[in-house]
Amino acid sequence: MTHASASSADDRSTVTGRRRIAFAVHTGTDGLPALPTLLRSLALTNPGVCEDFVVLHPGLPDSSFDVLRRLHPRVVTRRADGRGDVFRLEGYDTVVAFAPAMVVLGDIGELLRMRHGVGAVPQLLCDEEGRERRTVLPDGLLVVQRADVDGTAAAGPDPVPEGVLAPLDARYDFLTRRLYDDAPVPPQVAVLHFTGPFDEPGYGPATEARRRFEMGDEEFRAAYCALPSEKHPDLLAHLAPPLLRARPSLGLARTVADVYRRQGRYDEAVDVLAPVVGDRLDAPRCQETLGVCLMALSRYDEAEAHLLLAAASPDVAPRAFAQLARLAWLCGREADAHAYARDGLEADPTDAGCHSWYVRTREKAPETEPLPAAEQLAHVALFAEGQENAGDKVLPEAVRMCFDTDTGPRRWYQQPVHRLVDEAALEELNARRGVVVGGGGLFLPDTSPNGNSHWQWNVPDDVLARLTAPLAVFAVGYNVFDGQLYRRGRFAESLRVLVERSAFFGLRNHGSIDRVRELLPAELRDRVRYQPCPTTVARYLVPGWLDPVERDDTVLVNCAYDRAGLRFGHDYGHFLGQLAGALKSLRDRADVRYAAHMPADEKFVHDLRREHGIALPVEQLYDMTNDGIRELYRRSRLVIGMRGHAGMIPFGCGTPILSLVSHPKLAYFLSDIGREEWGLSVHDRELGSRLVERAAALLDDHAAAVADVHGAQKLLWETTRSNLDGLRETFGPA
């Protein structure tokens, strides 16, 4: 019997090239009792690591692995003929193979970052004639890169296929036979390999090193939860709840709730926290966490009560007041939001969150007199302000350009997508001649979660059902990351109501179309249509657009760091090193500059300078106007971007692009335009050289590259124009 991973991640690793890593061990009945100790040692010495733990076995009863499943959330069992099956382990790119006789004593992060060959420790052994030779033990530790083996173990005495051995330091497979006469275990040893019985006389320190991981389930859970270092959320969520049920603890409850919150399991977070928090004033951080989780479930009155309790503490007050301002704004209470932000600034005048809400909610004089409501269109979108994501500033305007050259408040009524659609908001929407929802990756479970729809538009089903104005969902994307948890039950029902109610339902790439159709009943699937992101056709939308006669000799680079763990996994150091080499080469051909869509993007520049001594000038797009952003991209020769709109906006301006793929949406877009070769996975083992090769090809024949962009863009415009012709009939005359 084969058991899949316990992870319920919404995984599309084959789209982005995200590296799939597993630990593996082969065992029969004799080795099975040693596995719990191995698994406990792995968790306690590497608490931030949680990959699939694959047990290869000759056909043991499934119940044999119950004890392992209590210790780890991602135990996978597979039938196997022998240890050589680690070279044929389907579904994984990197496999770290242990033996049951091993115990992990230290950090093994270096093994997870390996990218080439088969890592192993060559051991010095004597053959039958007494001659010494170095070889890899049949049960030695292995780090197998599946791309470098042909799927079979080597024939002959060495278990590693010829020519692919990547020698590891002895500390990763340290044999206890080197510790005779009770020699101490060297402190640098990361993996200790017992070559005799675990309690063999003469090996006392080695036995003691292993014995500290021999413990009962409850003791193990307590030891893991008490570790001061950062713990993996999947492991913590697996091990902490039984401990919490046995001995309720305020601190542990908050830790578990924080994990559930990061995983989008807000209802479970509330269930954990609420019984132990109550209305206590001595637990302000718990009150804050509880309030945030209740807000994510759209239980706004309860959330406000707990956040007010948190705000009573001077240490927590600024953060709590910022959340209270956000809550009041979500509920349409602008004056209350402003007052909460002011209270937060009184507690800490330097708090950025409170300052942002204070500025956002202060009264503003209308820019122009709007048209009568019946002559306006309503736009439901994320309207970025201040130093927020530059792409989220350009996108809403691009959507409105599809319908009208006047994109301002005279002809458009703006409804922020995250704000609750209550009765008053519904009345405003129904008064308009049509409602446009989009664009952007609004089918996303986090950013601003709500319990009404489980995507970014905060609209209850019963309210949506009473929307009478024609509704168009326009260029929305399914924006879930590889490996991201998305509990989609509520979303699927909300989606059904949305599609039924929509006069037009267009998604911005075919990947999103496929994902959304999976969630719909058969009779609604054909209503999902293709509508490219309007930023990709800017040359057809911006009034008076002129293509540049000459371009600056500039290559712009962009990286993204939101949800960095989902983007890079264990490969960030590899990515940074590969980009460093590539940018050094590209500097010989062009002025290489960095395009920051938001301040957090500048982490790349700091890391590149610190780790590789390379300094890049920064273009701060988040401080530019939309015209300024388009002008910068329009005049560049090439853009290498990781953000979706660091590809789509320059493409829309007619500029050649290469995409650093860490999210499925980039691959989806390139697939739609038939230019998959413009994408390179951030996990690509040869990323640097391939990036230089493809960039050089685009720069060397730049006129042809621009013409290629224009040709692909024309097809997107034809689709967009056809959709808009139908929508003009739906919405009626302006």
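Accessible area per residue for segment 259-379, computed on protein heavy atoms with a 1.4 Å probe, is 47 Å². Each of the peptides 36-45, 261-270 was scored by the mean count of other Cβ atoms within 10 Å over its residues; in descending order, highest first, they stand as 36-45, 261-270. Bridge orientation summary for the chain: considering DSSP beta bridges with both residues in this region, about 20 percent are antiparallel.
Residues in segment 449-454 carry Karplus couplings, in order, of x, 9, x, 7, 10, 6 Hz; the curve used is 6.51 cos²θ - 1.76 cosθ + 1.60 with θ = phi - 60°, and Gly or Pro positions show x. D for segment 580-630, whole µm²/s, Stokes-Einstein with Kirkwood Rh over alpha-carbon pairs at 25 °C and 0.890 mPa s: what number? Once the numbers are plugged in, D ends up at 207 µm²/s. 3J(HN,Hα) couplings calculated from phi for segment 633-647 with the Karplus curve 6.51 cos²θ - 1.76 cosθ + 1.60 (θ = phi - 60°) are, in sequence order, 5, 5, 8, 7, 8, 7, 10, 10, x, 9, 6, x, 7, 7, x Hz; Gly and Pro show x. Computed over the Cα atoms of segment 51-134, the ratio of the radius of gyration to the Kirkwood radius (Rg/Rh) comes to 1.02. Rounded to whole numbers, the Karplus 3J(HN,Hα) couplings from phi for segment 613-620 are x, 10, 10, 10, x, 10, 9, 8 Hz, using 6.51 cos²θ - 1.76 cosθ + 1.60 with θ = phi - 60°, and x at Gly and Pro. Based on alpha-carbon atoms, the Kirkwood radius and the radius of gyration of segment 16-155 give Rg/Rh equal to 0.97. Please compute the net charge surrounding Leu141, taking Lys and Arg as +1 and Asp and Glu as -1 over other residues with Cβ under 14 Å from its Cβ. Computed value for this residue: -2.
Protein-only accessible surface at a 1.4 angstrom probe places the residues His454, His116, His57, His418 in the order His116, His454, His418, His57, largest first. Between 0 and 90 degrees, the angle of helix 687-700 with respect to the longest Cα principal axis of the chain falls at about 40 degrees. Spatially close Lys pairs in the chain, defined by Cα atoms under 22 Å apart and a spacing of eight or more places or different chains, total 5. Taking 0.36 nm per residue of separation and subtracting the Cα-Cα distance, full extension of the segment from Ser448 to Arg587 would add 46.1 nm.
When a/c reaches 1.5 or more, the comparison of a/b and b/c decides; with that in mind, is segment 494-601 rounded, prolate or oblate per its Cα gyration tensor? Note, shape of segment 494-601 comes out oblate.
Taking amide hydrogens as placed 1.01 Å from N in the peptide plane, the amide H of Leu165 sits under 5 Å from those of Val118, each at least 5 positions away in sequence or on another chain.
Largest accessible area first, the residues Ser494, Ser63, Ser229 order themselves as Ser63, Ser229, Ser494 under a 1.4 Å probe with ligands, DNA and RNA left out. For Gly434, the residues whose modelled amide H falls within less than 5 Å of its own, excluding neighbours fewer than 5 places apart on the same chain, are Ala378. Relative contact order (percent) for the chain, with alpha-carbon contacts under 8 angstrom and 6 or more residues of separation? Relative contact order for the chain comes out at 10 percent. Counting only Cα atoms, segment 31-92 measures 31, 25, 17 Å along its principal axes, largest extent leading.
Where Rh denotes the Kirkwood radius from the mean inverse Cα pair distance, what is Rg over Rh for the chain?
We get a ratio of 1.00 for the chain.
Relative to the current alpha-carbon distance between Asp107 and Ser63, full extension at 0.36 nm per residue lengthens the span by 12.7 nm. The amide H of Gln415, built 1.01 Å from its N in the peptide plane, has His379, Val380, Ala381 as neighbours under 5 Å, considering only residues 5 or more places off or on other chains. With helices as the sole contributors, the chain gives -12000 deg cm²/dmol at 222 nm; each DSSP H run of n ≥ 4 counts as -39500 (n - 2.57), and the sum is divided by every residue.
The slack in the chain from Ala580 to Asp552, taken as 0.36 nm per residue of separation less the alpha-carbon distance, amounts to 7.8 nm.
May I ask you to rank Asp107, Asp150, Asp62 by accessible area, largest first, using a 1.4 Å probe over the protein chains only? Mind dumping the intermediate values first?
On the way: Asp107 95, Asp150 125, Asp62 50 Å².
Correct descending sequence by accessible area is Asp150, Asp107, Asp62.
The values are calculated or read from the model by the stated rules, or taken from the named source; none is laboratory data. All of these numbers come straight from a predicted model, not from anything done at the bench. Note that we place each Cβ from the backbone using ideal geometry, even for glycine, and neighbour counts take in every protein chain shown. Accessible surface is based on the protein model in full, side chains and every heavy atom, while ligands, DNA and RNA are left aside. Shrake-Rupley method; radii C 1.70, N 1.55, O 1.52, S 1.80 Å.
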